[in-house]
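A short write-up of the structure that comes next.
The values are calculated or read from the model by the stated rules, or taken from the named source; none is laboratory data. The shown structure was predicted, so the numbers you read here are calculated from the model rather than taken from an experiment. Neighbour counts run over all protein chains shown; Cβ positions are idealised from the backbone, glycine included. What goes into the accessible areas is simple: the full protein's heavy atoms, side chains included, and nothing from ligands, DNA or RNA. Shrake-Rupley method; radii C 1.70, N 1.55, O 1.52, S 1.80 Å.
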Amino acid sequence: MSDPKGMKKEIGLTSLIIIGLASAVATAIFFSPLQMTEVAGPGSLIAWVIAILFYVTISITYIELSQTYPEAGGPSRYSIYSHGSVTNLINAMADLLWYLFIPPIEAFATIEGLDYIFPSLLNSKGFPTLKGALVGVVLMFGYIPFNYYGVKTFSRITSGFGTVKYIIYILPAFLLLLTFLNLKNFTVYGVLPFGFAGIFSSMPYAMFAFGGARVIPDFAEEVKKKSYLIYALIITVIGEGLVYLLFDFTFIANLDWAKLGLTPGDWSSLNKVVGNPFIVLAGTYHSGLGQAALALLLIGGIVGPFLTGYVYMGGGARVLFASARSGFLHEKFKSLHSKYAIPYWGLLLFAVVGAVIAFLFAPVPSIYGLIDDATVAGYIGFATNPVAMMVLRKQGVTKWRIKGGTVISPIAFAASSLIVFWSGWPAVPYSVIILAVITAILGIVGKVSEGMKESTWYMGYITFLTLMTYVGSDGALNVIPFLTATLITVVVSLVLFYPLGIYQGLKERNYLYHQEASGSHGEMKSEGEKA
C-alpha cells in the first residue's frame, strides 16, 4: 500500500488556519480557566496575557524553522539537523508523549460533556467509570476515519467542522455573561489572592492550551505553499489567545458561589466542581439564555474535543512518520497509503496506544493530571527549537529569517524552561522517567549514537529542570522558595544551557547522515555526495 510519490500538497491557507484554530481551542477552553483560577484567582487573566507573549516567541521559532524544513512532523526533525540523532531522539520522543496524551485527553473531555446527559460515565471524583473508559476507547478508534481518507478530505471536513465549532464555542460565553455577571469577583476577594506565585503556578494550563498551534508545522509537507505556515501560525496564536481570554473572563464573572455550593472568595474550593466547569455553570441557570448556553455548551463540550482529538491523531501520525524518517522507528512507519498518501501505520498505532491510555489511565488521574504530564513532555520537546534555529543560522542553512530572532530565541527557550518547572512535582519526574525509558529502549535497539557529544547540553538541561522542580517550593523538598527557584531556573537556563546548546550544535549541515526532506532535498543530497 506504499506510495513512492510522497505526500500530497492539498491544504490551502484557509483550511490550515481553521485546522490550527480548531486544534488549539478545545479542551483547555473549558478546563484551564477553572484550574488556573483555583490557584491564581482573578490573576489567571494575567497568566493568559503572559502565556500569549510566551507562545508568540515559541511560534516564531516554528515559523523560521518550518520555512527552512517544511516537513511532515517537522518540529520533531529540526534538531536532527542542528545537533544530530541523539538530541533528536530525545526531542522526538518528548513530542511523541505530548501527542500520545492529547487524543485521550480530548476523549475524556468528550466524556465529561456526555456525563451531563449520561451520569454513569464519571464517578464522584470526576474520573471515568468503566463505562466511561470504554466510551473513551470507542472515541479513540472513531478518530481514524477522519484522517484515513487523505489530507484533502481531512482538511475539507475540518474546515467545515471547525468553523461551526468556533461559533458554538464563542456564542455561549456571551450568553452566560448576559445571564449572570458579577464583576465583584475580580476585586472583592483579592485581585491576586495567591500573589505572583499563583500566576506562575497556573501558567502550565495556559501553555497547554497554546500548544495546539504546533499542529500546523506538522502538516507542512502537505501545504500548497510553505508561506501559508507563517500566516496560519500568527493568526492561530492571536485568535486562540483572544478566545481564551474571553472564556477566562466569563468563568470568573459568571461564578455564582451560592449556586455552586461554595464559600464566596474561596478560590481553592473550585476543585470541588466535577465535570465540564462551563456546563456546570450553565446548568445552574433556568432562564432562556442560560438554557441556550447550556445546550450549545453540551454540543461544544462533546463535539469540539472530538475534532481536536482526530486532528491531533493526524499530527501524531506525522510525528511517527518523522521519527521513522530519522531512523528511530521501523521502516513501515514511513509507508504512505497508495491511494490516500497518509502515514497509515502511524495512524493505526496512535489509535491503539491512545485507546490503551484512555482505558488504563481512566480510573487513576483526572483530566488535569494528564494535562500536567502532556505539558511537561511538550515543552521539553519545544525547548530544542529556539536552540536549533540559532545553530542552523550559524550553519548558513536558514535562508528565511525572522527579524529580531536573536532576541526572540532566548525568550522562547526561557519560556519553555519555566513552563516545565512551573508544572511542578510529580508531573516533571513522571514525564521525564517515561521519556528516559522510551528513549533508552529505542536508542539501544536502533543503535543511535551519532551526535552523542552534541546532546550533553540537552540531557543536562532536562536533569536540571527535574532537580529544580524537586527542590523548589512547588516540588517535593520545598528547600528553595518558589519565586527564588523560578529566578534560578530562568537564569541558569539562559546563562548556561542556552549558549551551551548553541555551542554544541553541529558546525555544518549533516546531510551526509540524514536525508533532508524539504523541497530542495535533491540539490542538498548532490552537494553531500560531492563533499
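With respect to Ser287, determine if the residue is out of contact with any Cys (no Cβ under 6 Å at 6 or more places or on another chain) and either over 25 Å from Pro145 (Cα atoms) or surrounded by fewer than 24 Cβ atoms within 10 Å (Cβ to Cβ) (or both). Yes, satisfied. Whether a residue is modelled with pLDDT of 85 or more and in contact with a Phe, Trp or Tyr (Cβ under 9 Å, 6 or more places away or on another chain) was assessed, and Phe174 does not pass this test.
Okay, residues lined up against (1) over 15 Å from the mean Cα position of the chain (by Cα); (2) at pLDDT 90 or above; (3) within 18 Å of Phe54 (Cβ to Cβ); (4) surrounded by fewer than 24 Cβ atoms within 10 Å (Cβ to Cβ):
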position	(1), (2), (3), (4)
Gly381	no, yes, yes, no
Val387	yes, yes, yes, no
Val391	yes, yes, no, no
Val397	yes, no, no, yes
Ile402	yes, no, yes, yes
Pro410	yes, yes, yes, yes
Phe413	yes, yes, yes, no
Leu418	yes, yes, yes, yes
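Give the residues of the range 447-463 that are of a type outside the set (A, V, I, L, M, F, W, C), open to solvent by 40 Å² or more (accessible area, probe 1.4 Å) and within 23 Å of Ser431 (Cβ to Cβ), sorted by residue number. Once the filter is applied, which keeps residues that are of a type outside the set (A, V, I, L, M, F, W, C), open to solvent by 40 Å² or more (accessible area, probe 1.4 Å) and within 23 Å of Ser431 (Cβ to Cβ), the range 447-463 yields Thr456, Thr463. Among the conditions (1) over 25 Å from Ser416 (Cα atoms); (2) touching a Pro at 6+ places or on another chain (Cβ under 7 Å), the only one that Leu171 does not satisfy is (2).
Looking only at the range 136-158, how many residues end up being closer than 14 Å to Phe359 by Cβ and open to solvent by 40 Å² or more (accessible area, probe 1.4 Å)?
The initial filter retains those residues of the range 136-158 that are closer than 14 Å to Phe359 by Cβ, namely 136-141.
Subset that is open to solvent by 40 Å² or more (accessible area, probe 1.4 Å): 138, 141.
Residues meeting the conditions: 2.
Within the span defined as the range 257-276, one or more residues are crowded, with 24+ Cβ neighbours inside 10 Å and assigned to a loop (DSSP other than H, G, I, E, B). Give the range 172-187 a look and list any residue that's among the hydrophobic types (A, V, I, L, M, F, W, C), farther than 24 Å from Gly265 by Cβ and open to solvent by less than 80 Å² (accessible area, probe 1.4 Å), or say none. Across the range 172-187, the qualifying residue is only Leu175. State yes or no: is Pro217 at pLDDT below 90 and open to solvent by less than 20 Å² (accessible area, probe 1.4 Å)? So Pro217 fails the test.
If I ask for residues that are of a type outside the set (Phe, Trp, Tyr) and surrounded by fewer than 24 Cβ atoms within 10 Å (Cβ to Cβ), which ones from the range 327-346 would you list?
Step one: filter the range 327-346 for residues of a type outside the set (Phe, Trp, Tyr), giving 327, 329-332, 334-339, 341-343, 346.
Residues satisfying the conditions are Gly327, Leu329, His330, Glu331, Lys332, Lys334, Ser335, Leu336, His337, Ser338, Lys339, Ala341.
Could you count how many residues in the range 384-436 are under 19 Å from Gly211 (Cβ atoms) and part of a helix (DSSP H, G or I)?
Initial filter on the range 384-436 (under 19 Å from Gly211 (Cβ atoms)): 384-389, 408-409, 411-424, 427-428, 430-432, 434-435.
Applying the additional criterion that residues be part of a helix (DSSP H, G or I) yields 384-389, 408-409, 411-423, 427-428, 430-432, 434-435.
Residues meeting the conditions: 28.
Looking across the range 344-374 at every residue that is of a type outside the set (Gly, Ala, Ser), under 21 Å from the mean Cα position of the chain (by Cα) and assigned to a loop (DSSP other than H, G, I, E, B), the one that is modelled with the highest pLDDT is identified as Phe361. Can you find a residue in the range 293-314 that is within 19 Å of the chain's Cα centre (by Cα), closer than 24 Å to Gly211 by Cα, of a type outside the set (Val, Ile, Thr) and open to solvent by 10 Å² or more (accessible area, probe 1.4 Å)? There is at least one residue in the range 293-314 that is within 19 Å of the chain's Cα centre (by Cα), closer than 24 Å to Gly211 by Cα, of a type outside the set (Val, Ile, Thr) and open to solvent by 10 Å² or more (accessible area, probe 1.4 Å).
Restricting attention to the range 7-28, and to residues there that are open to solvent by less than 20 Å² (accessible area, probe 1.4 Å) and in contact with a Leu (Cβ under 9 Å, 6 or more places away or on another chain), which single residue is nearest to Gly162 (Cα to Cα)? Only one residue tops the list, namely Ala22.
Checked against (1) modelled with pLDDT under 85; (2) surrounded by fewer than 24 Cβ atoms within 10 Å (Cβ to Cβ); (3) under 22 Å from Arg156 (Cα atoms); (4) not aliphatic (A, V, I, L, M), Ser2 meets all criteria but (3). With respect to Pro104, determine if the residue is at pLDDT 90 or above, closer than 19 Å to Thr308 by Cβ and crowded, with 24+ Cβ neighbours inside 10 Å. Taking the combined requirement at face value, the residue does not satisfy it. Within the range 291-319, residues that are of a type in the set (Phe, Trp, Tyr) have Cβ atoms under 8 Å from residues that are at pLDDT 90 or above and not in a helix (DSSP H, G or I) in these pairs: Phe306/Tyr143; Tyr310/Tyr143, counting only partners at least 6 apart in sequence or on another chain.
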